[in-house]
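The values are calculated or read from the model by the stated rules, or taken from the named source; none is laboratory data. In this text, all values refer to a predicted model and were calculated from it rather than measured experimentally. Reconstructed Cβ throughout: ideal geometry from the backbone, glycine too, with neighbour counts over all protein chains shown. Calculation scope for accessible area: heavy atoms of the full protein, side chains included, ligands and nucleic acids excluded. Shrake-Rupley method; radii C 1.70, N 1.55, O 1.52, S 1.80 Å.
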Amino acid sequence: MKKIALFVDVQNIYYTCKEAYNRQFNYRKLWQHLGYEGEIVNAYAYAIHRGDDGQLKFQDALKHIGFEVKLKPFIQRSDGSAKGDWDVGITIDIMESSADVDTVILLSGDGDFALLLQHIAVKYGVETQVYGVPSLTAKSLVDATQQFHAIDSALLL
């Protein structure tokens with residue numbers, strides 16, 4: 001059975017699904033679908049911790065599905081902009097998991113991950129897959145992965 005590692009850039013998926021469809025992503029449906037493809041051995045959801053009730057319920061739901069939720073504090077800068085970027089954390093976890101799995105699946109539209117996916121495919125021989133909203137996923141990321149899955153109504157709540 002194929003071993004799968006799953007990585008979710010929660011903020012990216014939330015905002016791209018909201019912008020493109022004004023709907024939320026269905027993590028449970030994704031989990032069920034991937035269960036037919038193999039065994040999910042690692043599943044990480046990277047989120048920003050704001051501490052509001054809705055967010056805490058969402059994080060509990062992710063944990064119930066089977067994700068390990070990794071939180072980073074929400075930082076409001078003095079100029080009003082916000083910081084809460086998980087790119088380095090996601091990259092480290094993907095690098096550390098790639099030697100032990102057959103497939104790495106990333107949910108994100110962020111082109112910054114393109115080089116990472118190319119690297120692990122060559123270095124570890126893993127299959128890479130990306131799930132993203134087509135109109136809001138960087139072309140470089142689509143080109144870098146072996147399989148791009150469009151997030152459409154079938155994967156939305």
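For segment 58-70, does any single residue satisfy the condition of being of a type outside the set (Phe, Trp, Tyr), closer than 22 Å to Leu157 by Cβ, open to solvent by less than 60 Å² (accessible area, probe 1.4 Å) and out of contact with any strand residue (DSSP E or B) (no Cβ under 7 Å at 6 or more places or on another chain)?
Within segment 58-70, one or more residues are of a type outside the set (Phe, Trp, Tyr), closer than 22 Å to Leu157 by Cβ, open to solvent by less than 60 Å² (accessible area, probe 1.4 Å) and out of contact with any strand residue (DSSP E or B) (no Cβ under 7 Å at 6 or more places or on another chain).
Residue check, Lys70 against (1) without any contact (Cβ under 8 Å) to a residue 24 or more places away in the chain; (2) closer than 19 Å to Asn12 by Cα; (3) among the basic types (Lys, Arg), all met but one. Which one?
So Lys70 meets the others, but not (1).
Can you confirm whether segment 3-15 contains a residue that is open to solvent by 20 Å² or more (accessible area, probe 1.4 Å) and among the β-branched types (Val, Ile, Thr)?
Taking every residue of segment 3-15 in turn, none turns out to be open to solvent by 20 Å² or more (accessible area, probe 1.4 Å) and among the β-branched types (Val, Ile, Thr).
Give the residues of segment 105-130 that are touching a Phe, Trp or Tyr at 6+ places or on another chain (Cβ under 8 Å) and over 14 Å from Asp87 (Cβ atoms), sorted by residue number.
Selection gives Ile105, Gln129, Val130.
Among the residues of segment 112-157, write down those that are under 17 Å from Asp102 (Cα atoms) and open to solvent by 70 Å² or more (accessible area, probe 1.4 Å).
Gln118, His119, Val122, Lys123, Tyr124, Gln146, Gln147
Matching residues to (1) touching a residue at least 40 places away in the same chain (Cβ under 8 Å); (2) under 12 Å from the mean Cα position of the chain (by Cα):
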{"site": "Ile13", "(1), (2)": "yes, yes"}
{"site": "Phe25", "(1), (2)": "yes, yes"}
{"site": "Leu30", "(1), (2)": "yes, yes"}
{"site": "Glu37", "(1), (2)": "yes, no"}
{"site": "Ile40", "(1), (2)": "no, no"}
{"site": "His49", "(1), (2)": "no, no"}
{"site": "His64", "(1), (2)": "no, no"}
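Give me the pairs: first residue in segment 112-133 and under 20 Å from Ala150 (Cβ atoms), second residue open to solvent by 80 Å² or more (accessible area, probe 1.4 Å) and at pLDDT 95 or above, beta-carbon distance under 6 Å, and six or more apart or on different chains, which are they?
Filtered contacts from segment 112-133: Glu127/Gln146; Thr128/Gln146.
So which residues in segment 24-44 are closer than 18 Å to Pro134 by Cα and open to solvent by 90 Å² or more (accessible area, probe 1.4 Å)?
At the first step, the residues of segment 24-44 found to be closer than 18 Å to Pro134 by Cα are 24-27, 30.
Residue satisfying the conditions is Gln24 alone.
Might you check whether a residue that is part of a strand (DSSP E or B), modelled with pLDDT of 90 or more and among the polar types (S, T, N, Q) occurs anywhere in segment 28-50?
Quick first cut of segment 28-50, residues part of a strand (DSSP E or B) only: 39-49.
Among the residues that remain, those that are also modelled with pLDDT of 90 or more are: 39-47.
Filter once more, so that each one left must be among the polar types (S, T, N, Q): 42.
Within segment 28-50 (the criterion being part of a strand (DSSP E or B), modelled with pLDDT of 90 or more and among the polar types (S, T, N, Q)), the answer is yes, since at least one residue qualifies.
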